[in-house]
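Participant: Before anything else, here's the structure in question.
The values are calculated or read from the model by the stated rules, or taken from the named source; none is laboratory data. Since we're looking at a predicted model, the values are computed, not measured. Cβ atoms come from the backbone with ideal geometry, glycine included; neighbour counts cover every protein chain shown. With ligands, DNA and RNA removed, areas are computed over all heavy atoms of the protein, side chains included. Shrake-Rupley method; radii C 1.70, N 1.55, O 1.52, S 1.80 Å.
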Amino acid sequence: MFTNALEAMDLSGIVFTGKPRQYRSDCQAGQFKIGATQFVGKSLRMEILAWRTFDDELFGYPHQTWLELIFIDPSNVVSHILFKTESLDNFTNMAIDLSQNGIAIGSVIVEAKMEKRSSQTNGNSYFAVEFSNSPQDPDRFQEILSFVQSINLNGLSIGSSSPAELPAAQ
């Protein structure tokens, strides 16, 4: 299906063009980027729709475990990002903490922030991503839930037969 190039895209509501916007976490520069060159800052706000871990040999790195997130970015665009190593561990720990409290990760706002580290072996510095979360607005949560129930992200079934409930504000 072609997109009409003579009309502006409808950017009201959540935007999904059929392929998520690609983000990167540049842990050498300590910045998040859209694509390879557009720096967007040291933090990234995400409303997570889905996530998975998988093992692969990507981008010249040795075979390892990767974390893939599908999320809505601050511009209301469905987006994608990959993490590995320490950043993956930090996300997993946050997801476990939320689950232990009966909270679905898609029912909160996740903030990813670059935090400077120093290598024990060579003294060089790098950045790892730390994750935190905050309560989601109930109306926004319903908007996201309705959106997710109306689309198919690459065959990924998101949601369940009974919608998740928002956690109480703490």
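Participant: Just the accessible area per residue of the range 55-139, please: how many Å² with a 1.4 Å probe?
Facilitator: Using a 1.4 Å probe on heavy atoms only, each residue of the range 55-139 averages 52 Å².
Participant: Between the range 117-133 and the range 25-84, what is the C-alpha centre distance in whole Å?
Facilitator: 16 Å
Participant: Here's something else I'd like to know. Show me the trypsin sites (Lys or Arg not before Pro) within the range 82-138 that DSSP assigns to loop and that have at most 13 other Cβ atoms within 10 Å of their Cβ.
Facilitator: Loop-located and lightly packed - none at all.
Participant: Convert each backbone phi in the range 114-131 into a coupling constant with the Karplus relation 6.51 cos²θ - 1.76 cosθ + 1.60 (shift: θ = phi - 60°), then list the ³J(HN,Hα) values in order as whole Hz, x for Gly and Pro.
Facilitator: The phi angles translate into 6, 10, 6, 10, 10, 6, 5, 7, 10, x, 5, 9, 8, 10, 10, 9, 9, 10 Hz.
Participant: What does the C-alpha gyration tensor say about the overall shape of the range 52-149? Classify as rounded when a/c is under 1.5, otherwise prolate if a/b is larger than b/c, or oblate.
Facilitator: prolate
Participant: By per-residue mean of other Cβ atoms within 10 Å, what is the highest-first order of 133-141, 27-35, 121-129?
Facilitator: Most protected by this proxy first, the peptides run 27-35, 133-141, 121-129.
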